[in-house]
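Have a look at the structure below, then the notes.
Just so it is clear, none of the values below were taken in a lab; they were calculated from the coordinates. Everything numeric here is computed off the predicted structure, so don't read it as measured data. All Cβ positions, even for glycine, are placed from backbone atoms using ideal geometry, and neighbour counts span all protein chains on display.
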Amino acid sequence: ADKHFQKQIQEMPIKLVYFNGRGLAEITRYMLSIAGVDFEDYRYPITADFKRPEFDAAKSLYPENMGRIPILEVDGKKIGQSSTIARYVAKKYGFAGSDEIEEALNDMYFEHVRDIKDAYQKVRGITNEAEKTAAMEKWFATDLPEWLGKLEASIVGTGGFAVGTKLSLADITIYYFLTTFFDNKEGAKKAYEAQPKLSAIVAATAAHEGIKAWEAKRPVTPF
C-alpha cells in the first residue's frame, strides 16, 4: 500500500493556482511551459473590476499563503509567495544559472526589478489627480530612464542574456516587466530602447521559441 501511495504522489502533476490573468504567476508559467513540465494551470475567474467570488469562497484552502494566491502544489505540498515559487521553479528546471554565483545574480536582478516596481507603485498611489498626472509624466520622462540606466549598468551578461549564456529567470523577469508591467507601454519602450543590453535581453527573450510557444497558447486575458 505504501508503494502504491508513493507512486500516486510521484505522478501528481504540478498545479499552479492563480487568477485568470498573467500578473504574479506568469513568470512561473513561462518557465514551466519552456521546461516542458506537464502542469495544471488552474485559474480562478476574475472580472475586469477585480471581483473574484469563487476565489473568495475558497481562500480557506490556502493557509500556507495566508489565504492568497498564487500557490504552487508539488507532490501534495503547497508553496506560496510568487517570488518564492518563481525561484523554486527556476532552480528546479534550469533557469537559475549554472552555479551559485549565477543563481545569486539571477536573484539580484529579480530584486532590482522589484525595486523599480515599488518606486512606480508610489507614483500610482498618489491620490491627488493633478499631482499624480505630473508625477506620471516625470516618471516616464526622467525617473524610469534613470532606473533603467542603473539596471543596464548592473547587467553582467552579454549577447541578450542578463546572466550566463542561456535563458534565465533574470531574462524572463526583465522581459516580462519591461513589456507588460506599465500601462504606458510606449513610455516604457522608449525608456528601455535607450539601453542596449536591456533592449537585447527583451529582443532575445521575445524571440525564444519557448517564450513564443507559451504566448501563442496561453489564454487571452485583459491583464
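Could you give me the ³J(HN,Hα) list for region 50-64, computed from phi with Karplus coefficients 6.51, -1.76, 1.60 and θ = phi - 60°, whole Hz, x at Gly and Pro? After applying 6.51 cos²θ - 1.76 cosθ + 1.60, I find 6, 8, 8, x, 5, 5, 4, 6, 10, 3, 5, 6, 10, x, 4 Hz. Among DSSP bridges having both ends in the chain, what percentage is antiparallel? Round to the nearest 5. Roughly 55 percent of the beta bridges in the chain run antiparallel, per DSSP. Spin-label pair E152-I79: with each label point 7 Å from Cα along the Cα-Cβ axis, the two points sit 3.5 nm from one another.
Once C-alpha pairs closer than 8 Å and six or more residues apart are averaged by separation and normalised to the residue number of the chain, the relative contact order reads 20 percent.
Add -39500 (n - 2.57) for each DSSP H run of 4 or more in the chain, then divide by its residues: what number comes out at 222 nm, to the nearest 500 deg cm²/dmol? Roughly -16500 deg cm²/dmol at 222 nm, from the helical runs in the chain. Dipole of region 100-211 (Lys/Arg Cβ +1, Asp/Glu Cβ -1, origin at the Cα centre): which of S168, A135, L105 lies farthest to the positive side? Working it through, the farthest residue towards the positive pole turns out to be A135. Phi-derived couplings, Karplus 6.51 cos²θ - 1.76 cosθ + 1.60 at θ = phi - 60°, listed residue by residue for region 96-110: 10, x, 9, 7, 5, 5, 5, 4, 5, 5, 4, 4, 4, 5, 4 Hz, with x used for Gly and Pro. Cross-link check: pairs K117/K138; K150/K190; K122/K189; K132/K190; K51/K189; K132/K189 evaluated at a Cα-Cα cut-off of 23 Å; pairs beyond the cut-off: K51/K189. The ranking of W139, W147 by Cβ neighbour count inside 10 Å, starting from the fewest, reads W147, W139. Under the combined filter of DSSP loop state and at most 15 neighbouring Cβ atoms within 10 Å, region 84-152 retains none of its GluC sites (Glu not before Pro). A simple count of charges around K91, restricted to other residues whose Cβ falls under 13 Å of its Cβ and scoring Lys, Arg +1 and Asp, Glu -1, yields -3. Please list, or write none, the aspartates and glutamates whose alpha carbon is within less than 18 Å of the alpha carbon of K217, excluding same-chain residues fewer than 8 places away. Cross-link targets: E26, D38, E40, D41, E209. Rounded to the nearest whole Hz, the Karplus-based 3J(HN,Hα) values (6.51 cos²θ - 1.76 cosθ + 1.60, θ = phi - 60°) of region 140-155 follow the sequence 7, 7, 10, 5, 4, x, 5, 4, 5, x, 5, 5, 4, 5, 7, 5, with x at glycine and proline.
Here the extension length gained between A135 and R218 equals 26.4 nm, from 0.36 nm per residue of separation less the Cα-Cα distance. Does the chain classify as rounded, prolate or oblate by the C-alpha gyration tensor (a ≥ b ≥ c root eigenvalues; a/c under 1.5 gives rounded; else a/b over b/c gives prolate, otherwise oblate)? Since a/c reaches 1.5 but b/c is at least a/b, the shape of the chain is classed as oblate.
Ignoring lysines fewer than eight residues from K91 along the same chain, the ones with Cα atoms less than 18 angstrom from its Cα are K15, K77, K78, K166.
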